Amino acid sequence: MREPLYLQPRLEPPLSSLLAAPDLLHTLVDALGSPLNVLLPDRIAENAERFRAVYRRHHLGGRISFAHKANRSSALLRRLAVTDPAAVGVDVASLSELQHALGCGFTPDRITATGPKDPAFLWLAARSGVTVHPDSVTELEQLAELVRKFALPRIAAVPRLSGFETGTGTGAATGTGTGASGVKVLSRRSRFGTPVGEVGALLDTLERHRDAVEPVGVAYHLDTTGLAEKAVALESCVGVMDELRARGLDPRFVDIGGGFGVSYVQDAAQWDRYTTELAGAVLGTRPAMTWRGHGYGLRNEGGTLRGALGLYPAHRPTAGPGYLDALLSAPAPASGRPPATLLLEHLYDLSIQPGRALLDQCGAVLARVLDVRPTGSGDHLVRLGLNAGDMSLEEHGVIVDPVLLPHGGGGGGVQDADDGPVTVHLFGNLCLEADLITRRTVFLPRLPRVGDLLAFANTAGYAMDFHAHSAQRQPLARTVAVTRDGGSWRWCLDEEYWPITRPGGPA
Ligand SMILES: *Cc1c(COP(=O)(O)O)cnc(C)c1O
């Protein structure tokens, strides 16, 4: 067999120790079915604390709000609700998420409502007194109208901005500069937020409605990994904050959204090698590495590599709190000042809304192996008790290697012809050719057997329930919350988790 191209997951405690407890995980899947989502609520609190440490290092104040949309869990929200209320909040993007956050113990001052809002969502946000991020001037007007119509207290508002650029030109704003020094950096166009070019009308509206709406900050959220692009946006926001002040308003913080990222693969060399070999496979200089030669955005045009690798980088040298640190520390393109200094000089606080990054190492999706069969070309097809909706990172990235949890416990010890690295294709439980869990040819240290479990680690962010559906009436995964109790584990259904002190309980 050719040399294995592993993409081994980055695993940290407590997830690493949980995956070393296969008996418990097998018992849970036996009882609750496959697929099963497993969450570690204590880890999200730890992640929030790691972001706090970056704030402290830069002497910055302000709040870290979890972008709820990345995971539906109640346990995660309830666990976060008992962290420092001044430091940690939640960001909701639908009526139901708002109701959920209130029901999980977040007081309105810790909740922000973002995204485009339907009338019911806007009404409950205004009525309960959460902070609202108006997505447009129109939404701001609607908010002011609600406040007057229902005689509500003044609402804290944080208008969302977009369409940032440095320099003087009025380019087409389609570029995505990522750090070339001295070069104009344009941020990609967003469907959300008020373009900075139209900020005059926004400021006028805020001034006109100052009796109903209190602008407490300005916000952006950019769906990019580019640091320079984000630094430009941050600088622009500080400028808009200053303009608000000049108009006699009192904004206090810049909210820089999410997108801090997660590193999924431990070993940078594995990822580098993988992407290099993938290019080779697309060009035909090495055997295929994907199901039916899928190129993840790359293609072979007459022997030339074209397209672009459309993959979220599975290994990232800086991600999560480290990425925030880098963003705050590097000189920003327009002012040449590090964003942290800029904020401190203007006496502004910093708000962030991490989704994926707060869920780093917070859970895994477990699936039972239902069938294993050889293809005749040396590979095996492995059919699992879950489908592509239950484990969906594949739209933006690759799913890294699952962890094999052998049936009958222990692991290892089994010696037969199946031992040694194998290549498999992972299929789901739908009667659909396209139900691939990943298009990647996956290398495993040994062939799975029927009854084994595969654990897709570090999938709490967007993968485990974001695209889940009940096509063909296949079961939706249940979700359990697992906590460490001295030397052993405790678990309960996600909805049964409350962070109440009990003998050996969480918090
Ligand atoms: C989705 C979203 C986030 C979270 O993004 P991550 O990449 O998960 O950190 C934050 N803010 C807004 C407005 C969002 O839409």
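The values are calculated or read from the model by the stated rules, or taken from the named source; none is laboratory data. Bear in mind the structure is a predicted one, so any value in this text is a computation, not a measurement. Here the Cβ positions follow ideal geometry from the backbone for every residue, glycine too, while neighbour counts run over all protein chains shown.
Taking the criterion of being modelled with pLDDT under 95, of a type in the set (D, E, K, R) and surrounded by fewer than 19 Cβ atoms within 10 Å (Cβ to Cβ), would at least one residue in segment 340-352 satisfy it? Reasoning before the result, please.
Initially, segment 340-352 is screened for residues modelled with pLDDT under 95, giving none.
Scanning segment 340-352 turns up no residue that is modelled with pLDDT under 95, of a type in the set (D, E, K, R) and surrounded by fewer than 19 Cβ atoms within 10 Å (Cβ to Cβ).
Just checking, how many residues over segment 215-235 are among the acidic types (Asp, Glu), within 17 Å of the chain's Cα centre (by Cα) and surrounded by 20 or more Cβ atoms within 10 Å (Cβ to Cβ)? Steps first, please.
Step one: of segment 215-235, the residues among the acidic types (Asp, Glu) are 223, 229, 235.
Filter again for within 17 Å of the chain's Cα centre (by Cα), leaving 223.
Then keep just the ones that are surrounded by 20 or more Cβ atoms within 10 Å (Cβ to Cβ); that gives none.
Total satisfying the criteria: 0.
Specify which of the listed residues (Leu25, Leu39, Leu15) is farther than 16 Å from Pro402 by Cα and touching a strand residue (DSSP E or B) at 6+ places or on another chain (Cβ under 7 Å). Lay out the reasoning, then the answer.
Details: Leu25 fails: farther than 16 Å from Pro402 by Cα; Leu15 fails: farther than 16 Å from Pro402 by Cα.
Testing whether each residue is farther than 16 Å from Pro402 by Cα and touching a strand residue (DSSP E or B) at 6+ places or on another chain (Cβ under 7 Å) leaves just Leu39.
Return the residue satisfying two criteria in turn: it lies in segment 285-321 and is among the aromatic types (Phe, Trp, Tyr) and at negative phi, and of such residues it is surrounded by the most Cβ atoms within 10 Å (Cβ to Cβ).
So in segment 285-321, the residues among the aromatic types (Phe, Trp, Tyr) come out as 291, 296, 312.
Among the residues that remain, those that are also at negative phi are: 291, 312.
On the way: Trp291: 17, Tyr312: 15.
Among residues in segment 285-321 that are among the aromatic types (Phe, Trp, Tyr) and at negative phi, the one surrounded by the most Cβ atoms within 10 Å (Cβ to Cβ) is Trp291.
Tell me, yes or no, whether segment 476-483 has at least one residue that is within 16 Å of the ligand (Cβ to nearest atom), in the same structural domain as Ala388 (by TED's automatic domain parsing) and not in a strand (DSSP E or B).
no
Given the condition of a type outside the set (Ser, Thr, Tyr), out of contact with any helix residue (DSSP H, G or I) (no Cβ under 7 Å at 6 or more places or on another chain), buried (at least 24 other Cβ atoms within 10 Å of the Cβ) and touching a residue at least 60 places away in the same chain (Cβ under 8 Å), answer yes or no: does some residue in segment 460-467 qualify? Explain how you work it out, then say what you get.
Filtering segment 460-467 down to residues of a type outside the set (Ser, Thr, Tyr) leaves 460-461, 463-467.
Restricting the remaining residues to those that are out of contact with any helix residue (DSSP H, G or I) (no Cβ under 7 Å at 6 or more places or on another chain) gives 463-467.
Then keep just the ones that are buried (at least 24 other Cβ atoms within 10 Å of the Cβ); that gives 463-464.
The next check asks that each one be touching a residue at least 60 places away in the same chain (Cβ under 8 Å); those that pass are 463-464.
Yes, that holds for at least one residue.
Surrounded by fewer than 22 Cβ atoms within 10 Å (Cβ to Cβ), among the β-branched types (Val, Ile, Thr) and either farther than 28 Å from Gln361 by Cβ or within 16 Å of the ligand (Cβ to nearest atom) (or both): does that describe Thr276?
Values: surrounded by fewer than 22 Cβ atoms within 10 Å (Cβ to Cβ): yes; among the β-branched types (Val, Ile, Thr): yes; either farther than 28 Å from Gln361 by Cβ or within 16 Å of the ligand (Cβ to nearest atom) (or both): no.
Criteria not met by Thr276.
Which condition number in (1) within 16 Å of the ligand (Cβ to nearest atom); (2) in a loop (DSSP other than H, G, I, E, B) is the one that Glu229 fails?
The failed condition is (2).
Being at pLDDT below 95, away from the ligand (no atom under 16 Å from the Cβ) and crowded, with 17+ Cβ neighbours inside 10 Å is true for just one of Val282, Val369, Val365. Which residue is that?
Exactly one residue qualifies, and that residue is Val282.
Across segment 115-165, what is the number of residues that are touching a Lys or Arg at 6+ places or on another chain (Cβ under 6 Å) and surrounded by 23 or more Cβ atoms within 10 Å (Cβ to Cβ)?
1
Does Asp23 qualify as being acidic (Asp, Glu) and closer than 27 Å to Leu311 by Cα?
Numbers: acidic (Asp, Glu): yes; closer than 27 Å to Leu311 by Cα: no.
Here the answer is no, as Asp23 does not meet what is asked.
Please go through segment 91-119 and pick out each residue that is among the hydrophobic types (A, V, I, L, M, F, W, C), under 20 Å from Asp494 (Cα atoms), part of a helix (DSSP H, G or I) and within 16 Å of the ligand (Cβ to nearest atom).
Here is the first cut: in segment 91-119, the residues among the hydrophobic types (A, V, I, L, M, F, W, C) are 92-93, 95, 98, 101-102, 104, 106, 111, 113.
Now drop any that are not under 20 Å from Asp494 (Cα atoms), which leaves 92, 98, 101-102, 104, 106.
Remaining after also requiring part of a helix (DSSP H, G or I): 98, 101-102.
Matches in segment 91-119: Leu98, Ala101.
Looking only at segment 236-257, decide whether some residue is within 16 Å of the ligand (Cβ to nearest atom), surrounded by 15 or more Cβ atoms within 10 Å (Cβ to Cβ), in a helix (DSSP H, G or I) and of a type outside the set (Lys, Arg). Don't jump to the end; show me each part of the working.
Let us first name the residues in segment 236-257 that are within 16 Å of the ligand (Cβ to nearest atom), namely 237, 253-257.
Add one more test, that the residue is surrounded by 15 or more Cβ atoms within 10 Å (Cβ to Cβ), and what stays is 237, 253-257.
Keeping just the survivors that are in a helix (DSSP H, G or I) gives 237.
Filter again for of a type outside the set (Lys, Arg), leaving 237.
The answer is yes; a qualifying residue exists.
Collect the residues in segment 1-60 that are in contact with a Phe, Trp or Tyr (Cβ under 9 Å, 6 or more places away or on another chain), closer than 30 Å to Gln353 by Cα and among the aromatic types (Phe, Trp, Tyr), keeping them in residue-number order.
Phe51
Identify, by number, the condition in (1) within 28 Å of Leu436 (Cβ to Cβ); (2) modelled with pLDDT of 95 or more; (3) outside any loop (DSSP other than H, G, I, E, B) that Ser263 doesn't meet.
Every condition holds for Ser263 apart from (3).
Identify the residue in segment 37-71 that is within 14 Å of the ligand (Cβ to nearest atom) and touching a Ser or Thr at 6+ places or on another chain (Cβ under 7 Å) and, among all such residues, is nearest to Leu328 (Cα to Cα).
If we take residues in segment 37-71 being within 14 Å of the ligand (Cβ to nearest atom) and touching a Ser or Thr at 6+ places or on another chain (Cβ under 7 Å), then Arg63 is nearest to Leu328 (Cα to Cα).
Determine which member of the set Ser236, Ser335 is closer than 30 Å to Asp211 by Cα, of a type in the set (S, T, N, Q) and in the same structural domain as Leu347 (by TED's automatic domain parsing). Walk me through it before giving the result.
Working: Ser335 fails: closer than 30 Å to Asp211 by Cα.
Result of the check over Ser236, Ser335: Ser236.
So which residues in segment 120-131 are in a loop (DSSP other than H, G, I, E, B) and either within 16 Å of the ligand (Cβ to nearest atom) or without any contact (Cβ under 8 Å) to a residue 12 or more places away in the chain (or both), if there are any at all?
In the first step, residues of segment 120-131 are kept if they are in a loop (DSSP other than H, G, I, E, B); the result is 129-130.
Across segment 120-131, the qualifying residue is only Val130.
Is there a residue in segment 297-304 that is under 30 Å from Lys230 (Cα atoms) and outside any helix (DSSP H, G or I)? Steps first, please.
We begin by selecting, within segment 297-304, every residue under 30 Å from Lys230 (Cα atoms); these are 297-298.
Checking the rest, the ones that are also outside any helix (DSSP H, G or I) come to 297-298.
Yes - at least one qualifying residue is present in segment 297-304.
Could you figure out which of (1) part of a loop (DSSP other than H, G, I, E, B); (2) away from the ligand (no atom under 16 Å from the Cβ); (3) in contact with a strand residue (DSSP E or B) (Cβ under 7 Å, 6 or more places away or on another chain) isn't true of Pro85?
Of everything listed in (1) part of a loop (DSSP other than H, G, I, E, B); (2) away from the ligand (no atom under 16 Å from the Cβ); (3) in contact with a strand residue (DSSP E or B) (Cβ under 7 Å, 6 or more places away or on another chain), Pro85 misses just condition (3).
Among all residue pairs at least 6 apart or on different chains, which show Cβ distances below 9 Å where the first residue, located in segment 353-365, is closer than 20 Å to Ile437 by Cβ and of a type in the set (Val, Ile, Thr) and the second is within 12 Å of the ligand (Cβ to nearest atom) and at pLDDT below 95?
Partner pairs satisfying both residue conditions: Val365/Ala463.
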